[in-house]
Structures are given as structure tokens and as C-alpha cells.
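Worksheet: one structure, shown below.
The values are calculated or read from the model by the stated rules, or taken from the named source; none is laboratory data. Predicted model only: the values in this text are computed from it and were never measured. All Cβ positions, glycine included, derive from the backbone under ideal geometry; neighbour counts span all protein chains shown. Side chains are part of the model used for accessible areas, which takes the heavy atoms of the whole protein and leaves out ligands, DNA and RNA. Shrake-Rupley method; radii C 1.70, N 1.55, O 1.52, S 1.80 Å.
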Amino acid sequence: MSRSNNTNVSDFILVGLTDSEEIRLVLFTLFLLIYLITVLGNTGMILIIRLDLQLHTPMYFFLSHLSFLDLSYSTVITPKALENLLTLTKDISFRGCFTQMYFFVFLGATECFLLSSMAYDRYVAICNPLRYPVVMSTTLCHSLITASYVIGFIDSFANVLWMNTLRFCDSNVIHHFFCDTPPILALSCTDTQNTEIMIFISAGSTLMVSLTTISVSYAAILSTILKINSTSGKRKAFSTCASHLLGVTIFYGTMIFTYLKPSKSYSLGKDQVASVFYTIVIPMLNPLIYSLRNKEVKNAVIRIMHQRESTRRLR
């Protein structure tokens, strides 16, 4: 991630979302509120899962890592975006820009495979419930988590390595609110075709492999649910994976819209709106989706509050 010898640019300028001072103040207030909810929601989810013994199951083990990734994901992007909304100088160093891009790709790719692991967990829980404790062992859960982080690291390292071979000579203005791959590619004064092909293959493989795993898992889940005779049984089985399915749909929908297309079709307005959604809004939505639609999480919160109240009385 060091500065390339053939690059004349020492820093970049992040244009942001708008030049209007009034709109920037509104966006700053909105993004700050969303970020605070994101931090509180994801931190709270992690603490609830750690404190309540009844949530020490594979599903909530994966969910705690999802909350950690969302918290990290948002922290990589949002603070710098908030700073740029308030200040006139919107520069970011070459090293800082590539570091932000590295962690953005790393956390995004890791989350893709984590969502795949969560889909497989739901598949085993619904399609093979009697073998669930055996199949989803502690060893397998830790292996899936480790594999997700390793694949994310490899994807991110390859992405930044290819991006670092580019030369930036003239313009250093990034038409975005963070250091994303498409707008940085647009700044290069050298041929980016090979880099674009490699990044497209890497990003496409990550999305397609993880999405295929999720699709196959949910196809099997749907087939199993349809075979259940009782309506209440079908409803109960579907409710165990509804939150995950909703989160997957939102996450993959915006990611595919933004990245699985040629860079020439990059649209500043549309892509920035999509980027705001999956970098700032989705990390806030995930803890809300998994808590508001989940009775076990609600009951865990009640149990923890009762335990704290009992502890206070004993004192």
C-alpha cells in the first residue's frame, strides 16, 4: 500500500456527495445519527450474545461476527465522510486512501462469505435438525469464520496490489465520498484494462461463489419448508431464516448493482446513493433486522435486564 514510484500524486481529494453547505449540514446530522445507531446497535448485539448463555449457539456466533464486521465496515468509511462534510479541505493521503480501500474490500469480502456460512447454518438447522449439534460443531464454526477472514484478506490484498500498479499523473480529485475502486480507476493516466479484468474476476468470483452457496442453501430450505404439512410449522421454519434472507437481499442487491458492471457505466449519482446505502445504512439496519424480528434476542435482553436488576437489589 506504499506510494508507487511512478505516481506523481501525493494525496487525493474526496469531492463528497454535494457542494451545497445546507445539504452538507443535513447529511452530516443524518450520517452522524446513523453512525451512532450503528455503533450502539452492533456493540449491543455483540454484548447481548456474549452475556446471555442461551445465545451461545452457532447462529448467534456468526451473528456476533456479522455485527463486528458491520461496526468495522462503517467505522472505515463514516468518520472520514463526516469530517469531509464539515471541512473545506477534503484531502486524504495516498497511503490513507489505499488503506481505506484495503479495509473496505477486506471487510466486504469477508462479510460475503460470512453470510454464506450463516446460510449453510440455516440449511443444516432446517433440513437436518437432528444432526445440527453434530454438524455445526465448534470446530466447523471457527473454521468457517477463519476461512471467511482469510478469503477476505486474499481478495483485498490482490485488489490493492493491482490498483497500486496504476499511475496517477494529473487529476487527484475522486468523485466520491470514500476511496472506492471505480472512481480511483477513472483517475489513472495509464491503461486500466488488465487491472479492471483482474478486479472484476476477483470481485465477481467472491460474489458469485458466496451467492451460489446462499442460493443452493435456500433452495434446499424452501424445498424442506414446502414439505411441512402444518401452516404453523412452515411459519416457524421460515421465521428462523427470514431475517438472514432479508439482510442478504439488501446487501447483495446494492453490491451487485454497484460493482458487477463495466467501469464505463459508472454513474456518479446512482452509484453514490447505492454506496451510501451499503456502507452507512446497511450496517445500521442489520442489528435492527436481527433483533426486532427475533424473539430470542428480545428475550435475552429481558433476561439480562432482570439479572442486572437482581444484582442491584442484592447489593
With every protein chain left in place, what is the accessible area per residue of the chain in square angstrom, probe 1.4 Å? 51
For the range 39-100, what does the relative contact order come out to in percent, with C-alpha contacts under 8 Å and a separation of six or more? 31
Taking the alpha-carbon set of the range 119-273, what are its Rg and Dmax in Å? 20.3, 67
For the residue pair residue 127 and residue 171, what label-to-label distance in nm results when each label sits 7 Å from Cα along the Cα-to-beta-carbon direction? 4.9
Pairwise centroid distance, computed over Cα atoms, of the range 234-254 with the range 180-206, Å: 31
Shape box of the range 75-151 [Cα atoms, principal axes, largest first, Å]: 60, 21, 14
Would you check the chain for Lys pairs whose C-alpha atoms are within less than 28 Å, ignoring same-chain pairs closer than 8 in sequence, and give me the count? 13
Based on Cα coordinates alone, diagonalise the gyration tensor for the range 35-106, multiply each eigenvalue by 5, take square roots, and list the semi-axes in whole Å, largest first. 32, 14, 6
Could you tell me which residue out of 93, 141, 71 lies farthest along the dipole of the chain toward its positive end? Charges go on the beta carbon: Lys and Arg +1, Asp and Glu -1, centred on the Cα centre. 141
Residue-span extension gain [residue 239 to residue 296] - 0.36 nm each, minus C-alpha spacing: 19.3 nm
When the convex hull of the Cα atoms of the range 141-196 is projected onto a plane and the area is averaged over all directions, what value comes out in nm²? 4.7
Which order do peptides 225-231, 132-138 fall in by mean Cβ count within 10 Å, highest first? 132-138, 225-231
Can you give me the span-like helices of the chain, meaning DSSP H runs with 18 Å or more of Cα extent along the axis and Kyte-Doolittle mean at or above -1.0? 21-51, 58-86, 94-127, 138-163, 193-227, 231-259, 295-314
Counting helices only, and only those DSSP H runs with n ≥ 4, report the 222 nm mean residue ellipticity of the chain as the sum of -39,500 (n - 2.57) divided by its residues, in deg cm²/dmol to the nearest 500. -25500 deg cm²/dmol
With the convex hull built on the alpha-carbon atoms of the range 32-176, volume per residue in Å³ sits at 128
Simple label model, 7 Å out from Cα along Cβ direction - residue 193 to residue 249, nm: 4.1
Using the Cα centre as the reference, give the magnitude of the dipole from point charges on the C-beta atoms of the chain (Lys, Arg: +1; Asp, Glu: -1; all else neutral), rounded to the nearest 20 debye. 1540
Counting only protein heavy atoms and using a 1.4 Å probe, what share of the accessible area of the chain belongs to carbon plus sulfur, as a whole percent? 65
For the range 32-74, take every pair of Cα atoms, bin their distances at 5 Å starting from 0, and report each bin as a whole percent. 6, 26, 30, 20, 11, 6, 1
Ignoring ligands and nucleic acids, residue 196 exposes an accessible area, probe 1.4 Å, in Å² to the nearest 10, of 60
Report P(r) for the chain: all Cα-Cα distances, bin width 10 Å, range 0 to the bin holding the largest distance, values in whole percent. 5, 24, 31, 22, 12, 5, 1, 0
